[in-house]
Amino acid sequence: MTDAGYASLQPAALWARFRELAGVARPPRGEQAALALIRVWASHLGFEVVPAGGTNLLVRVPATAGREAAPVVVLQAHLDMVCERDPSSPYDPVTGGVGLVLDGDWLSADGTTLGADDGVGVAAMQAVAESDAAHGPLELLFTTAEEVGLEGAGMLDAAVVSGRRLLNLDSEEDGVLVIGCAGATDTLIRVEAAKTPARASEAALVVRATGVVGGHSGMDIASGRANAIKVLAHCLREAHEQVPFRLSSLDGGTSRNAIPREARAVLLVTDSKFRRARAALEAAGQDAMAGYATTDPGLQLRVAEAPAPPSAWSPETTATLIDLTVAMPSGPLAMSPHLAELVETSTSLGVAVTNRGTLELHSLTRTSNQAALSGVLDSLSDLSRLAGGKLAVEHSYPAWEPQPTSPLLAASVTLWRDLFGNEPRVTVAHAGLEPALIGRDIPGIDMLSIGPRIESPHSPGERVSVSSVERFWRVLLAMLDELST
């Protein structure tokens, strides 16, 4: 990407701040560099910076001339990003920045997640504060660790927030006003079983599922995309029924809220059955690749010889662990009866980890219907029990209940109609948004979420539409103008 090409993007101030943010590491719970950027930026402009609980920051921006008496408006976005990368990428967002790639109307990153979720929201807040656009007093709330269960918002010191109208800048759909979101619950199934040492008559195979598209485990859950852990488990099950083997490890996924893109298993098979086992695995992989040819044309299942691991589970325990992984629910479970094409309840198997003699399976369940959650948890608990394991509920946050009569919503619909001559879509997101916790801690606060068009967040395919960012910017400025008159 040329500097001239990027510099031509509008609004220029927003894109300049986004580029600055893209140059630093900001994984969840590791946003120190991004927080330092905000502090230096705010100090340079003379804005007050207030600790806001945990590592969250609140920056107070004075009103423009003539708007001093307007009610305070809170703008809110999160600093952290999901840090996924392709092995071949020269960039790693966990330890450094990302490489920006501009292609027509789309901005993406070189083999990693882009961090437009929610870097565009952060940059928009900075650009508003720097601009001469009309607005009343603002409170810019920069939260952290959003991508790990809205952790930062859960530690918010509500006492420092005086505004009672809040615009969350973390939506990912153009032309949409979000007025609610699903709640979510993290679960962990842990199955512990003794392994026995590898035998001289056994050889090892490593099986890898790679090349799937991945994506956001809420917004993309109904896309039909492959889950690498599930694909691998199905292939292992099919092969194990033909040629029994012993599983030594099963690992995959990197983030609880991303559809797993890679998974890996190591197994032991007797020398006399080695070729048959490899052939059975390869055949199962061909079936899987054919099944996902439309949604995940890059899916590959590779089988290779490997150094023998020190131990493995018995064939019987292997069957149990594979069956458990295959049976784990992962995908849409119910559609909303109120909003067309909206997933109401889903579960995503996000991470598999082998730790010595223990297999851990991490899932994230999302729902806008709290009554449905108990049924999902019952299913996971039963599966765990049948496999000889235990289920732990590790973390949860509530749904953001929509308020269709919200004055902020009514004003925003009118503004959108005046700006663009059409009606915005009003919806509830099947994803976690921080207003769920902010609204819990600040009763009566009026909230709305807006944003540009972001595709495939939480995966290296993440990209943002440049033209939609310009529309998002126009809506944001119009809202701030209207709310301060």
Could you give me the percent of Cα pairs per 10 Å distance bin for the chain, shortest bin first, beginning at zero and ending with the bin that holds the maximum distance? 4, 19, 28, 24, 14, 8, 3, 0, 0
I want to check the label-to-label distance for E401 and A7. Put each point 7 Å from Cα in the C-beta direction and report it in nm to one decimal. 5.3
How far apart, in nanometres, would the label points at S223 and A69 be if each is projected 7 angstrom from Cα along the Cα-to-Cβ direction? 5.0
According to a simple spin-label model (label point 7 Å from Cα along Cα-to-Cβ), what is the distance in nm between D441 and E192? 3.5
Determine the calculated [θ] at 222 nm for the chain from helices alone, applying -39500 (n - 2.57) to every DSSP H run no shorter than 4 residues and normalising by the residue count; nearest 500 deg cm²/dmol. -10000 deg cm²/dmol
Between 0 and 90 degrees, rounded to the nearest ten: what's the tilt of helix 228-242 against the longest Cα principal axis of the chain? 10
Centroid-to-centroid separation of the stretch 99-163 and the stretch 292-368 [C-alpha atoms, Å]: 31
Hey, what's the per residue convex hull volume over the C-alpha atoms of the stretch 12-148, in cubic angstrom? 107
How much length, in nm to one decimal, is gained on full extension between R164 and R199, taken as 0.36 nm per residue of separation minus their Cα-Cα distance? 5.9 nm
I'd like the orientation of helix 274-291 relative to the chain: the angle between its Cα long axis and the longest Cα principal axis, in ° from 0 to 90, rounded to 10. 30
Fewest-first ranking of H78, H240, H338, H430, using other Cβ atoms within 10 Å as the exposure measure: H338, H240, H430, H78
Under 19 Å Cα to Cα from K390, which lysines show up? Leave out anything in the same chain fewer than 8 places away. K195
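Of the trypsin sites (Lys or Arg not before Pro) in the stretch 351-429, which ones lie in a loop per DSSP and count no more than 12 other C-beta atoms within 10 Å? Walk me through the numbers before you get to the answer.
Values: sites: R356, R366, R385, K390, R417, R425; in loops: R356.
Those that pass, being in a loop and sparsely packed, are R356.
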What's the exposure ranking of C83, C181, C235, going from fewest to most Cβ atoms within 10 Å? C83, C235, C181
Hey, what do the phi angles of the stretch 377-385 turn into as Karplus ³J(HN,Hα) couplings, whole Hz, using 6.51/-1.76/1.60 and θ = phi - 60°, x for Gly and Pro? 5, 4, 5, 5, 5, 5, 4, 4, 5
Highest first, please rank the peptides 292-299, 138-145 by the mean number of other Cβ atoms sitting within 10 Å of their residues. 138-145, 292-299
By how many degrees, 0 to 90 and rounded to 10, does the Cα axis of helix 466-483 deviate from the longest principal axis of the chain? 40
Indicate the gyration tensor shape class of the stretch 94-193 (rounded, prolate or oblate), computed on the Cα atoms with a ≥ b ≥ c the square roots of the eigenvalues: a/c under 1.5 is rounded; otherwise a/b larger than b/c is prolate and the rest oblate. oblate
Taking H as built 1.01 Å from N, whose amide H comes closer than 5 Å to the amide H of V343, not counting residues under 5 places away? S336
Using mean Cβ contacts within 10 Å as the protection proxy, how do 116-128, 274-286, 85-97, 453-465 order, highest first? 116-128, 453-465, 274-286, 85-97
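Every number in this text was worked out from the coordinates using simple rules, so none of it is lab data. If you're wondering where the values come from, they're calculated on a predicted model, not measured in any experiment. Methodologically, a virtual Cβ is constructed for each residue, glycine included, from the backbone with ideal geometry; neighbour enumeration extends over all protein chains shown.
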